[in-house]
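Working notes for the structure below.
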Amino acid sequence: MSLPSLFDEARFRAHVDEALGIARRALRASVGERLAVAAAVDHRYDDKYALVEAAANVALASQLTALAELGLTDSKLTQVRSWSAARRAVVLSFGVEETCQFVREVKREVESAHKHVSSKKNVVTGRSTTTTHSVVRTEITYEWRYEYRYQLRVVCGGGSSSVTLRERSAHTTLTTSAKRNPRSDKHVAVPIEVDVSHLFEQIVDEQPPVFGFTIDRRDAKCHTPRRNANTSATHRYHIDVFKFCERAANQIHQLASIDTHEHTRDLTSATTSAAVSVALPVLPVFDRSNAAAAVAATAAAPAAAAATMTTTAATTTTTTTTTTT
């Protein structure tokens, strides 16, 4: 699975526009009016490697924040980092267990909707007697206690140790017309897992967490900010995490297929489309005034450099200036 198959540019732009509108309303008018997307501002990047590094570190910090919201406390983070420091694999695991046990048999008398009315007349008194007949049948149903448990854990490679981030259980009653288990007595699903070692390997400081993802520009195989081993590794990692979240969401969505005969379940809040606006850690916009100043400075740089060279050549002092870009 590649990035183009996951990235929806139209949806991304729509979310950026929506967030930009919120930011403009929240800030002072003079500040909000200066905000704009990159395509609307003249700009240039002096160091695209640094841009990729910053974006990667922000993405990692966003994931760690999400895990913290799910239960990764400071003490648990310290423990997980100790596994990472010992070069042990760190795995995020989502496990599900289902049980369905017979509770009772329920009998009830159900009166038929069809009724038979008969009338009889007394020949002596002349009075008529009306009698209504209905069919009553005994309906038997069977009730089952269905329980669903899930657990989200961070597991040390090999499963020797783990910390639980979040767990929950819930139950409901299933009703059947035959004494046949609608699910299974017990089912433990194969855990959905993803290796998150990359996330914890990039943490260089814990309080508060600081990430230090960098690109090794000296590597002979480093060709561009995108075509290098470091960026490729973090790119693969984020795709793996995306697939993990998608599979976990699908697992939860299977609950909607369970018929309880009681109410309809609305799992919209568990969908990606509904939750997509929950976490938007960075708004990729430019400040028009700063961008204009930067472009002006860039345009003036060659002229300033030429003037410096002319002045130096006209004097008896030789000055060597080295500029690294």
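In the set (1) farther than 24 Å from LEU255 by Cβ; (2) surrounded by 11 or more Cβ atoms within 10 Å (Cβ to Cβ); (3) in contact with a strand residue (DSSP E or B) (Cβ under 6 Å, 6 or more places away or on another chain), THR78 fails one condition alone, (3).
Under the condition of being within 18 Å of the chain's Cα centre (by Cα) and open to solvent by 90 Å² or more (accessible area, probe 1.4 Å), which residue from region 10-50 is farthest from THR224 (Cα to Cα)? Checking each candidate, the answer is ARG11. Identify, please: which residue in region 100-128 is of a type in the set (Ser, Thr, Tyr) and surrounded by fewer than 10 Cβ atoms within 10 Å (Cβ to Cβ) and is, among those, farthest from ARG180 (Cα to Cα)? The extreme case among them is THR125. Tally the residues that are out of contact with any strand residue (DSSP E or B) (no Cβ under 7 Å at 6 or more places or on another chain) and open to solvent by less than 60 Å² (accessible area, probe 1.4 Å), restricting the search to region 206-215. The qualifying residues number 3.
All conditions but one from (1) over 30 Å from PHE213 (Cα atoms); (2) surrounded by 16 or more Cβ atoms within 10 Å (Cβ to Cβ) apply to GLU143; the one that does not is (2).
Spot the failing condition for CYS245; the list is (1) open to solvent by less than 60 Å² (accessible area, probe 1.4 Å); (2) closer than 24 Å to GLU167 by Cα, and only one is missed. Going through the list (1) open to solvent by less than 60 Å² (accessible area, probe 1.4 Å); (2) closer than 24 Å to GLU167 by Cα, CYS245 breaks only (1). For region 11-50, the set of residues classified as β-branched (Val, Ile, Thr) and within 29 Å of ILE215 (Cα to Cα) consists of VAL16, VAL37, VAL41, listed by residue number. Note on region 190-205: among residues that are under 21 Å from the mean Cα position of the chain (by Cα) and β-branched (Val, Ile, Thr), the one that is surrounded by the most Cβ atoms within 10 Å (Cβ to Cβ) is VAL196.
Of the listed requirements (1) outside any strand (DSSP E or B); (2) more than 30 Å from SER82 (Cα to Cα), TRP144 misses just one: (1).
Hey, could you check region 248-268 for residues that are part of a helix (DSSP H, G or I) and open to solvent by less than 70 Å² (accessible area, probe 1.4 Å) and say which is modelled with the highest pLDDT? Ranking the qualifying residues of region 248-268, first place goes to ALA248. Here VAL124, VAL110, VAL135 are screened, and the one residue that is more than 30 Å from ASP195 (Cα to Cα), at pLDDT below 90, out of contact with any strand residue (DSSP E or B) (no Cβ under 9 Å at 6 or more places or on another chain) and β-branched (Val, Ile, Thr) is VAL124. If I filter region 225-242 down to residues being assigned to a loop (DSSP other than H, G, I, E, B) and either touching a residue at least 12 places away in the same chain (Cβ under 8 Å) or hydrophobic (A, V, I, L, M, F, W, C) (or both), which single residue comes out as least open to solvent (accessible area, probe 1.4 Å)? Among them, the one singled out is ASN228.
Screening VAL91 with (1) modelled with pLDDT of 95 or more; (2) open to solvent by less than 20 Å² (accessible area, probe 1.4 Å); (3) β-branched (Val, Ile, Thr); (4) in contact with a strand residue (DSSP E or B) (Cβ under 6 Å, 6 or more places away or on another chain) gives one miss only, at (2). Give just the number: which of (1) outside any loop (DSSP other than H, G, I, E, B); (2) charged (D, E, K, R); (3) open to solvent by 60 Å² or more (accessible area, probe 1.4 Å) does GLU53 not satisfy? Single failed check for GLU53: (3).
Considering region 152-189, and only residues there that are under 16 Å from THR99 (Cβ atoms), touching a residue at least 40 places away in the same chain (Cβ under 8 Å) and among the polar types (S, T, N, Q), the residue that is surrounded by the fewest Cβ atoms within 10 Å (Cβ to Cβ) turns out to be SER184.
The values are calculated or read from the model by the stated rules, or taken from the named source; none is laboratory data. From a predicted model like this one, the values you see are computed outputs, not experimental measurements. Neighbour counts are summed over all protein chains in view; Cβ atoms, including those assigned to glycine, are modelled from backbone coordinates with ideal geometry. Keep in mind that these areas ignore ligands, DNA and RNA; they rest on the heavy atoms of the full protein, side chains included. Shrake-Rupley method; radii C 1.70, N 1.55, O 1.52, S 1.80 Å.
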